1. What list do you get for 190, 197, 309 if you sort them by fewest beta carbons within 10 Å?
2. Normalised by the number of residues in the range 123-312, what is the relative contact order in percent for Cα pairs under 8 Å and 6+ residues apart?
3. Provide Rg over Rh for the range 123-312; use the alpha carbon set for both Rg and the Kirkwood Rh (inverse mean inverse pair distance).
4. Per 0.36 nm of contour for each residue apart, how much would the distance between residue 283 and residue 86 grow if the chain were fully extended, relative to their Cα-Cα spacing?
5. Provide the packing ranking of 164-177, 253-266, i.e. peptides ordered by the mean count of other C-beta atoms within 10 Å per residue, highest first.
6. Could you sort 240-251, 291-302 so that the peptide with the highest average Cβ count within 10 Å comes first and the rest follow in order?
7. Among 162, 10, 106, rank each residue by its count of other Cβ atoms within 10 Å, from fewest to most, as a rough exposure measure.
8. Residues in the range 198-220, backbone N under 20 Å from the label point at residue 73 (7 Å along the Cα-to-beta-carbon vector): list them, ranges by number please.
């Protein structure tokens with residue numbers, strides 16, 4: 001089978017929104033090539049022995065690539081991509097997503113598979129986690145817990161700054177037996193990572209059926225992930241449970257709107273980890289979380305992005 005390769009030129013800030021747009025249109029195997037990431041590799045080579053050296057040639061704008069199966073349905077999907085990109089561009093000048101220039105070409109099935117897997121390799125996060133694509137069977141290094149995912153199914157591969165920071169913050173937030181909710185779960189990587197770190201149970205929620213399928217597939221890849229419940233829905237609407245930890249890696253305005261509901265769904269002293277926040281928006285989000293009853297215990301930044309850890313008072 002042949003595939004339609006869909007490429008979009010954007011910015012570091014726009015990469016997540018463009019990636020989400022491609023996923024919602026039905027693209028598989030989304031890949032983000034960002035010069036900022038390459039600069040990080042050069043500064044921290046000891047942390048990234050697993051990354052293919054060919055990435056060091058990346059330059060210019062950020063490129064987001066996805067793949068659609070060739071056929072009649074791909075025409076409708078491409079129109080969906082174009083409409084989503086017009087919506088993203090309409091956010092300027094408040095949100096700089098670059099040119100959003102679109103390129104399309106046909107590639108053979110075997111070429112797509114080889115090219116995609118060439119760019120995604122296992123990598124460590126923090127002190128205890130090891131993110132592994134499903135096609136790699138090597139065990140995690142000693143002392144680390146493997147989290148296996150299919151990187152092509154939905155957003156949340158661990159490589160994007162927003163997900164990476166959430167994983168780092170989870171490491172210190174999860175206590176043995178804790179209950180965790182991953183709101184806007186994508187592949188389910190954060191809920192599965194929480195279980196690998198010792199959580200007793202986790203709930204993964206997303207409104208996108210593609211993400212629900214991806215999270216359910218991730219459950220099958222990870223021993224012990226049968227303790228992950230997957231639910232389609234909007235945020236925590238209709239959920240009565242309370243949790244020790246809630247993660248939400250979405251966008252700033254959704255985090256703000258969700259703050260009061262997150263507070264209600266956390267036990268006293270519970271932790272909210274919020275990401276998907278542009279650095280320039282972080283102060284405003286922190287103020288909203290404080291107004292909702294959280295104390296900000298930690299703030300991290302990578303590239304254009306910030307993540308906040310709040311404690312329920």
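Each reported figure results from applying straightforward, stated rules to the coordinates on display, with no laboratory input. Since we're looking at a predicted model, the values are computed, not measured. We place every Cβ from the backbone using ideal geometry, glycine too, and count neighbours over all the protein chains shown.
1. By the 10 Å Cβ count, ascending, the order reads 197, 309, 190.
2. 18 percent
3. Dividing the radius of gyration by the Kirkwood radius yields 0.94.
4. 68.1 nm
5. Put in order of decreasing packing, that is 164-177, 253-266.
6. Peptide ranking by packing, descending: 240-251, 291-302.
7. 106, 162, 10
8. 207-218
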